[in-house]
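Below is one structure; the comments refer to it alone.
The values are calculated or read from the model by the stated rules, or taken from the named source; none is laboratory data. Predicted, not measured: the structure shown is a model, and the values here were computed from it. Quick reminder, even Gly has a Cβ in these numbers, built from the backbone with ideal geometry, and neighbours come from all protein chains shown. Surface areas here come from the heavy atoms of the whole protein model, side chains and all, with no ligands, DNA or RNA. Shrake-Rupley method; radii C 1.70, N 1.55, O 1.52, S 1.80 Å.
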Amino acid sequence: MVNSHFDDLSLDELRGRQGAKWSRYAPDVLPAWVADMDFKAPEPIRAALEEVAALDDYGYPWFREQNPAVDAYVELMARRHGWVLEPERIHTLADVLQGIQLFIELASEPGDGIVIQTPIYPPFLMMIDDNDRRLVDNPLGSAAEGYPLDIDGLRAAVDERTRILLLCNPHNPTGRVFTRSELEALGELAVERDLLILSDEIHQDLIYPGHEHLPIASLAPEFAERTVTLTSATKSFNIAGLRCAVIVFGSQRLAEQFHSIPRFALGGVSSVGVRATANAWRHGQGWLDELMAYLDANRRHVESRVRSDLGPVTTELPESTFLAWLDCRDLEVGTAPAEFFHDKARVALNDGADFGPHGAGFVRLNFATSRAILDQILDRMADAVGS
Ligand SMILES: Cc1ncc(COP(=O)(O)O)c(C=O)c1O
């Protein structure tokens, strides 16, 4: 593989970071768990931070007239999808999960059903539980079929008291990028059953060739009017700690519902996060293209090394994201393979059981690191499996 600046990572430097990824586990463990990348920040992010630091501009932000993160998102959606959005229908929040939590409270009552496609990003399950809502499970189809949406299953699962369809597209952990026809079927069912669609599109920028991310609200006005879209630049530009997300209300009614929340309950966003997000979406496409080429090679490398070196473990090429979903059910290491890899390989992964009932026996591996570190991770896992 041609040398790339993404190769340029030092374990000593990474171990000096204070973020969750490199701090949670013992120093001899290689972390491949939480969805933060190891790569250095792209230039537009540094520029945003340097601009703020150069002016010591840390006071209250003034985004009343125009919020640069909102404007950058509007421009991005118009450029990528021809989707025309009104800035008045968009707001910034500290993070995506905050927006989901708020709309769970606004649009449902305890005991109401929320439908999700499992296996799923664990906080979705936690939020359903925390809010005493009911999990309505609509598992994705099998890996062999490419994890399709099961629309018939969805139709059968949604009952009278199901209020919300909590969609994760692109999907974490499988990396699925749902197709137009899947999303249309989903949207039509939401219309038919009067469901609010909460569409988490945080992985929207991380799409591999041959796939196209489509915001569900952009597909039809009748979908938009019942959709709240949530996204951010935090996954694709590695800035989760800067705390800025956008929330898009597909109708005036949804915007009004949001604005009924007592204003101080919302908190504010970080001025640095807003500027970094705007810079990322406006000036980061070149870096993002290079990143995707690097990640594309890494995802293929993971797939091929799993096949050759990890015995009975299997995986599919993800269509998006830097996360690989590994089926370890034939490994015979009990129900918690992440614990096995932590103890025997000194590699930290996410355990599939946390992703819902259909995740037990799987692990999620984050491959957004240099090829050299990725190989150390895979070598250690291969040794543990072989020993
Ligand atoms: C699908 C999905 N949604 C939300 C989040 C968290 O986003 P935030 O930190 O903005 O709440 C993540 C983080 O990995 C994610 O993968």
Which residues, taken from region 181-206, are in a loop (DSSP other than H, G, I, E, B) and either within 16 Å of the ligand (Cβ to nearest atom) or under 16 Å from residue 253 (Cα atoms) (or both)?
194, 195, 201, 202, 203, 204, 205, 206
Out of all the residues in region 26-52, which are part of a loop (DSSP other than H, G, I, E, B) and over 19 Å from residue 379 (Cα atoms)?
34, 35, 36, 37, 39, 40, 41, 42
When only residues in region 207-217 that are open to solvent by 20 Å² or more (accessible area, probe 1.4 Å) and in contact with a Ser or Thr (Cβ under 9 Å, 6 or more places away or on another chain) count, which is farthest from the ligand (Cβ to nearest atom)?
212
Six or more apart or on different chains, Cβ atoms under 6 Å: show the pairs whose first residue is in region 94-121 and closer than 26 Å to residue 272 by Cα and whose second is of a type in the set (Ser, Thr, Tyr) and open to solvent by 10 Å² or more (accessible area, probe 1.4 Å).
none
For residue 264, are the conditions met, namely being open to solvent by 20 Å² or more (accessible area, probe 1.4 Å) and either closer than 30 Å to residue 59 by Cα or in contact (Cβ under 8 Å) with a residue 60 or more places away in the chain (or both)?
yes
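Considering only helices (runs of 4 or more DSSP H) fully contained in region 285-387, which possess at least 1 residues that are within 28 Å of residue 200 (Cα to Cα) and in contact with a Ser or Thr (Cβ under 6 Å, 6 or more places away or on another chain)? Full working, then the answer.
Numbers: elements: 285-309, 337-340, 371-386.
Here the list reads 285-309.
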What residue, among those in region 1-37 that are crowded, with 16+ Cβ neighbours inside 10 Å and within 15 Å of the ligand (Cβ to nearest atom), is farthest from the chain's Cα centre (by Cα)?
31
If I filter region 71-125 down to residues being within 12 Å of the ligand (Cβ to nearest atom) and of a type in the set (S, T, N, Q), which single residue comes out as farthest from residue 187 (Cα to Cα)?
92
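Please state which one of 98, 117 is under 22 Å from the mean Cα position of the chain (by Cα), modelled with pLDDT of 95 or more and crowded, with 18+ Cβ neighbours inside 10 Å. Spell out the reasoning first.
Details: 98 fails: crowded, with 18+ Cβ neighbours inside 10 Å.
None of the other options fit; the residue is 117.
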I'd like to know if region 345-357 contains one or more residues that are within 16 Å of the ligand (Cβ to nearest atom), closer than 21 Å to residue 29 by Cα and out of contact with any strand residue (DSSP E or B) (no Cβ under 7 Å at 6 or more places or on another chain).
yes
Hey, could you check region 235-249 for residues that are touching a strand residue (DSSP E or B) at 6+ places or on another chain (Cβ under 7 Å) and more than 9 Å from the ligand (Cβ to nearest atom) and say which is farthest from residue 35 (Cα to Cα)?
249
May I ask you to list pairs of residues, at least six apart or on different chains, whose Cβ atoms are under 8 Å apart, with the first in region 229-255 being among the basic types (Lys, Arg) and in a loop (DSSP other than H, G, I, E, B) and the second being more than 10 Å from the ligand (Cβ to nearest atom) and open to solvent by 20 Å² or more (accessible area, probe 1.4 Å)?
243/269; 243/270
Quick check on region 164-179. Is at least one of its residues at pLDDT 95 or above, away from the ligand (no atom under 16 Å from the Cβ) and either of a type outside the set (Ser, Thr, Tyr) or part of a loop (DSSP other than H, G, I, E, B) (or both)?
yes
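Is at least one residue of region 282-291 under 30 Å from residue 317 (Cα atoms) and buried (at least 21 other Cβ atoms within 10 Å of the Cβ)?
Here is the first cut: in region 282-291, the residues under 30 Å from residue 317 (Cα atoms) are 282-291.
When the remaining residues are screened for being buried (at least 21 other Cβ atoms within 10 Å of the Cβ), the result is 284, 291.
So far as region 282-291 goes, yes, one or more of its residues are under 30 Å from residue 317 (Cα atoms) and buried (at least 21 other Cβ atoms within 10 Å of the Cβ).
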